[in-house]
Amino acid sequence: MEILSISLDKETLAELNEIQDSLGFKSRSKMLRSTIDLLLSEYKVIESLKGNHNVVFVITYKDNEKNHVSNMLHDFENEIKVTVHQHNGTMCLDMLNMAADAQRIRKLFTAMKGSKCIRSLNFTLLGHY
């Protein structure tokens, strides 16, 4: 097994330690391997898409990043059919219902995964249309 080194700020490390304890992971390495497995699974699903699909994205980000996120989503305004926005303190949560071809879904997924503004991203495929 290869060894990777990562740098985390104190706040993120504290959150990871809490999650590790809460979920009962025996080590940070095991927890991070599990997280990487989830990312790989998501990527494989997105990459395997063909044709037109309905998908729901759920994203969270800090309130002070809303303009950046809004600008990113603006490029997909024709495919995003419904947006639900909720505030939770200094965090925002958006639920996006998107109907688009696989290439556009991948493009938005990639943009959000690569954005430093997006704190979390989940998606659910609803099927072909």
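The values are calculated or read from the model by the stated rules, or taken from the named source; none is laboratory data. Quick caveat: nothing in here was measured; it's all calculated off a predicted structure. Backbone-built Cβ (ideal geometry, glycine too); neighbour counts: all protein chains shown.
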All-but-one check, HIS74 against (1) surrounded by 10 or more Cβ atoms within 10 Å (Cβ to Cβ); (2) more than 23 Å from HIS128 (Cβ to Cβ), failing number (1)
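Among what's in the range 107-129 and is of a type in the set (Ser, Thr, Tyr) and outside any strand (DSSP E or B), pick the residue that is surrounded by the fewest Cβ atoms within 10 Å (Cβ to Cβ).
Within the range 107-129, the subset of a type in the set (Ser, Thr, Tyr) is 110, 115, 120, 124, 129.
Next, from what is left, pick out any that are outside any strand (DSSP E or B): 110, 115, 129.
On the way: THR110: 12, SER115: 16, TYR129: 9.
Looking at the filtered set, the residue picked out is TYR129.
Filter the range 56-98 down to the residues that are at positive phi and either in contact with a strand residue (DSSP E or B) (Cβ under 6 Å, 6 or more places away or on another chain) or in contact (Cβ under 8 Å) with a residue 40 or more places away in the chain (or both) and list them by number. Even if it seems obvious, please write down each step before you answer.
If we filter the range 56-98 for residues that are at positive phi, which is where we start, we get 89.
None - no residue of the range 56-98 is at positive phi and either in contact with a strand residue (DSSP E or B) (Cβ under 6 Å, 6 or more places away or on another chain) or in contact (Cβ under 8 Å) with a residue 40 or more places away in the chain (or both), so the list stays empty.
So, in the range 113-129, how many residues would count as being of a type outside the set (A, V, I, L, M, F, W, C) and more than 16 Å from ASN52 (Cα to Cα)? Steps first, answer last, please.
The first filter runs over the range 113-129 and keeps only residues of a type outside the set (A, V, I, L, M, F, W, C), leaving 113-116, 119-120, 122, 124, 127-129.
Checking which are more than 16 Å from ASN52 (Cα to Cα) leaves us with 113-116, 119-120, 122.
Going through the range 113-129 one residue at a time, the tally reaches 7.
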Selected residue (only one of LYS50, LYS30, LYS26 is assigned to a helix (DSSP H, G or I) and out of contact with any Lys or Arg (no Cβ under 7 Å at 6 or more places or on another chain)): LYS30
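What is the residue count in the range 85-95 for residues that are loosely packed, with under 11 Cβ neighbours inside 10 Å and assigned to a strand (DSSP E or B)?
Kept after step one, since they are loosely packed, with under 11 Cβ neighbours inside 10 Å, are these residues of the range 85-95: 86-90.
Narrowing the set further to residues that are assigned to a strand (DSSP E or B) leaves 86-88.
Qualifying residue count for the region: 3.
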Total residues in the range 87-112, condition farther than 16 Å from SER48 by Cβ and charged (D, E, K, R): 1
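Going through the range 73-114 one residue at a time, which ones are among the hydroxyl-bearing types (Ser, Thr, Tyr) and either modelled with pLDDT of 95 or more or more than 22 Å from LYS44 (Cα to Cα) (or both)?
Start the filter on the range 73-114 by keeping residues that are among the hydroxyl-bearing types (Ser, Thr, Tyr), which leaves 83, 90, 110.
Residues satisfying the conditions are THR83, THR90.
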Residue among ARG119, ARG104 that is more than 23 Å from THR12 (Cα to Cα), outside the structural domain of ILE19 (by TED's automatic domain parsing) and not aliphatic (A, V, I, L, M): ARG104
Kindly check whether there is at least one residue in the range 49-63 that is in contact with a His (Cβ under 8 Å, 6 or more places away or on another chain) and surrounded by fewer than 11 Cβ atoms within 10 Å (Cβ to Cβ). yes
Out of all the residues in the range 34-44, is one or more touching a strand residue (DSSP E or B) at 6+ places or on another chain (Cβ under 9 Å), in a helix (DSSP H, G or I) and of a type in the set (A, V, I, L, M, F, W, C)? no
Of the conditions (1) of a type outside the set (Val, Ile, Thr); (2) surrounded by fewer than 17 Cβ atoms within 10 Å (Cβ to Cβ); (3) part of a helix (DSSP H, G or I), ARG104 clears all except one; give me its number. (2)
